[in-house]
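Q: Quick one: this structure, given as structure tokens, is what I'll be asking you about.
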Amino acid sequence: MKAMIRKGLIALVLTVASSGSFSQSSTPGGGDAAAPGQPATVPADGTVRSGFSRAASGVQFAHFRVGNRNVKAMLADGPLVWVGTSGGVIRYDTRSDQHRLYDVRSGLLSNGIFHLSKLGDRLLVGTYGGGLSILDEPTGTWENYNIQDGLADAFIYDVLTLDNGDIWIATWSGANRVRGGRLKDVGSWDTYTVENTQGGLPNDWVYGLAKGKNGEVWMATEGGLARFSEGAWSNWKHGQGLGAAYELVKDQIDFTRDPAKESSHHARQKAEMGLTNVDVAYNPNYIVSLLVDRQGAVWAGTWGGGLSRFDGTEWKTYTREDGLPSNHIFMLGHERNGRIWVGTSNGLARWDGEKFRVFTVHDGLYTNNIFSMANAPDGSLWIGGFGGVSRLIGLGSIE
């Protein structure tokens with residue numbers, strides 16, 4: 001469906017209806033539209049671009065609604081933005097305002113999307129319960145890989161492709177390595193678990209993957225940080241410095257949803273850590289997000305224990321006391337200049353190497369629950385959370 005562009009209308013809103021169709025609405029205001037391919041910068045005269053609103057901070061923003069759904073993954077792919085929701089994958093063309101929904105009716109095996117990346121020219125999709133799906137967009141065909149093909153589990157949280165062609169897959173039952181990326185050769189699939197690594201992988205629930213500066217693979221798990229390097233495993237937990245101590249953050253935890261009250265698995269994890277007396281959302285070993293920065297330091301976003309940085313020798317943990325808006329870290333991302341963005345349960349923070357700058361709905365975010373981010377080639381940032389997406393221009397220049 002092609003958007004109707006009218007002069008004087010801004011804040012184009014995309015709604016994914018329960019049927020999977022699209023409907024749109026707009027709110028009044030705005031200036032002239034940017035030409036296709038024009039860098040997304042705030043005009044020097046302060047003019048608000050067509051399709052955008054302006055926050056008090058000067059950030060220009062447009063909102064896209066996806067209904068009562070989470071946006072757990074996004075990918076900027078040239079002029080396209082792929083949006084992974086709990087209702088399927090949206091393909092949005094920023095040049096023409098055309099958008100399309102891919103879901104189980106299109107060939108996916110699950111509508112819940114946790115991961116989006118490119119495998120060559122194809123779109124790679126990690127799903128919630130439907131395994132790994134790969135879209136060849138020109139033909140509209142999907143390849144689906146599940147447990148019978150070598151996957152450790154049908155729940156896929158992250159995928160990492162290395163320079164040697166190996167593909168690593170984070171699942172809820174361990175990590176897969178597909179040697180040489182030979183997905184169709186079941187003999188090329190390896191599965192790593194707590195059991196067969198003799199505890200080198202500290203927990204079978206793997207949430208994130210990142211490539212280290214020397215080619216090693218870092219893994220975020222519910223039981224700590226793991227590293228796989230030249231066939232050897234190492235791991236680090238709260239006892240070695242991961243996450244802030246409960247006594248330091250117990251008065252800062254306002255996101256009180258405790259997974260242990262909803263899942264026997266999470267309850268068992270807390271019991272193993274000696275946290276059964278903690279009835280709020282806190283587990284410093286539970287790494288939800290992972291990033292390796294340009295210097296090779298590893299950043300681990302925890303569940304209530306703040307944001308930890310590991311340089312290979314020492315740990316440093318940042319919490320609300322250091323300027324974070326929350327100690328529940330859902331997303332970590334890089335800006336093109338290397339600055340780190342931190343998505344939390346209560347806003348988005350930018351780390352410039354010395355301090356955090358916090359942004360909220362007052363700066364143009366759709367929501368303060370931040371799950372995903374994409375850097376578009378035009379310089380704009382796309383931020384996903386519960387219920388929708390924000391496209392933001394000028395956020396990186398706000399001090």
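The values are calculated or read from the model by the stated rules, or taken from the named source; none is laboratory data. Computed from a predicted model, the values in this text were never measured in an experiment. In this analysis, Cβ positions are derived from the backbone assuming ideal geometry, glycine residues included, and neighbour counts consider all displayed protein chains. Side chains included, ligands, DNA and RNA excluded: accessible areas come from the protein's heavy atoms. Shrake-Rupley method; radii C 1.70, N 1.55, O 1.52, S 1.80 Å.
Q: Any chance you could count how many residues in the stretch 352-362 are surrounded by 20 or more Cβ atoms within 10 Å (Cβ to Cβ) and either charged (D, E, K, R) or free of Cβ contacts under 8 Å to residues at least 24 places away in the same chain (or both)?
A: Matching residues across the stretch 352-362 total 0.
Q: Same structure again: Of everything in the stretch 243-281 that's of a type in the set (D, E) and more than 19 Å from S326 (Cβ to Cβ), which residue is nearest to the chain's Cα centre (by Cα)? Full working, then the answer.
A: Filtering the stretch 243-281 down to residues of a type in the set (D, E) leaves 247, 251, 254, 258, 262, 272, 279.
From the residues that got through so far, the ones that are more than 19 Å from S326 (Cβ to Cβ) too are 262, 272.
Values: E262: 23, E272: 28 Å.
Per the stated criteria, the residue is E262.
Q: Follow-up question, since we're still on this one. Taking only the stretch 232-242 into account, find how many residues are assigned to a loop (DSSP other than H, G, I, E, B) and over 23 Å from the mean Cα position of the chain (by Cα).
A: Our first condition is that a residue be assigned to a loop (DSSP other than H, G, I, E, B); within the stretch 232-242, this holds for 237, 241-242.
Keeping just the survivors that are over 23 Å from the mean Cα position of the chain (by Cα) gives 241.
Number satisfying all stated conditions: 1.
Q: Considering only strands (runs of 3 or more DSSP E) fully contained in the stretch 173-217, which possess at least 1 residues that are open to solvent by 10 Å² or more (accessible area, probe 1.4 Å) and aliphatic (A, V, I, L, M)? I'd like the intermediate steps shown before the answer.
A: On the way: elements: 174-178, 189-192, 206-211.
Of the strands (runs of 3 or more DSSP E) lying wholly inside the stretch 173-217, those with at least 1 residues that are open to solvent by 10 Å² or more (accessible area, probe 1.4 Å) and aliphatic (A, V, I, L, M) span 206-211.
Q: A follow-up question, please. If we scan the stretch 372-391, do we find a residue that is under 18 Å from V292 (Cα atoms), open to solvent by less than 50 Å² (accessible area, probe 1.4 Å) and touching a Gly at 6+ places or on another chain (Cβ under 6 Å)? Steps first, please.
A: Within the stretch 372-391, the subset under 18 Å from V292 (Cα atoms) is 372-375.
Add one more test, that the residue is open to solvent by less than 50 Å² (accessible area, probe 1.4 Å), and what stays is 372-375.
With the extra rule that they be touching a Gly at 6+ places or on another chain (Cβ under 6 Å), the set shrinks to 372-373.
Yes, that holds for at least one residue.
Q: For K270, which of the numbered conditions (1) in contact (Cβ under 8 Å) with a residue 24 or more places away in the chain; (2) outside any strand (DSSP E or B); (3) basic (K, R) fails to hold?
A: Answer for K270: the failing condition is (1).
Q: Let me ask another. Could we say that P284 is assigned to a loop (DSSP other than H, G, I, E, B) and either buried (at least 22 other Cβ atoms within 10 Å of the Cβ) or in contact (Cβ under 8 Å) with a residue 40 or more places away in the chain (or both) here? Steps first, please.
A: On the way: assigned to a loop (DSSP other than H, G, I, E, B): no; either buried (at least 22 other Cβ atoms within 10 Å of the Cβ) or in contact (Cβ under 8 Å) with a residue 40 or more places away in the chain (or both): yes.
For P284, the condition - assigned to a loop (DSSP other than H, G, I, E, B) and either buried (at least 22 other Cβ atoms within 10 Å of the Cβ) or in contact (Cβ under 8 Å) with a residue 40 or more places away in the chain (or both) - is not met.
Q: Tally time: how many residues in the stretch 336-352 are closer than 12 Å to I383 by Cβ and in a loop (DSSP other than H, G, I, E, B)?
A: Residues in the stretch 336-352 being closer than 12 Å to I383 by Cβ and in a loop (DSSP other than H, G, I, E, B): 0 in total.
Q: Something else: For the condition hydroxyl-bearing (S, T, Y), open to solvent by less than 10 Å² (accessible area, probe 1.4 Å) and under 24 Å from T161 (Cβ atoms), what is the one hit in S106, S110, S133, S117? Walk me through how you get there before you give the answer.
A: Numbers: S106 fails: open to solvent by less than 10 Å² (accessible area, probe 1.4 Å); S110 fails: open to solvent by less than 10 Å² (accessible area, probe 1.4 Å); S117 fails: open to solvent by less than 10 Å² (accessible area, probe 1.4 Å).
Exactly one of S106, S110, S133, S117 is hydroxyl-bearing (S, T, Y), open to solvent by less than 10 Å² (accessible area, probe 1.4 Å) and under 24 Å from T161 (Cβ atoms), namely S133.
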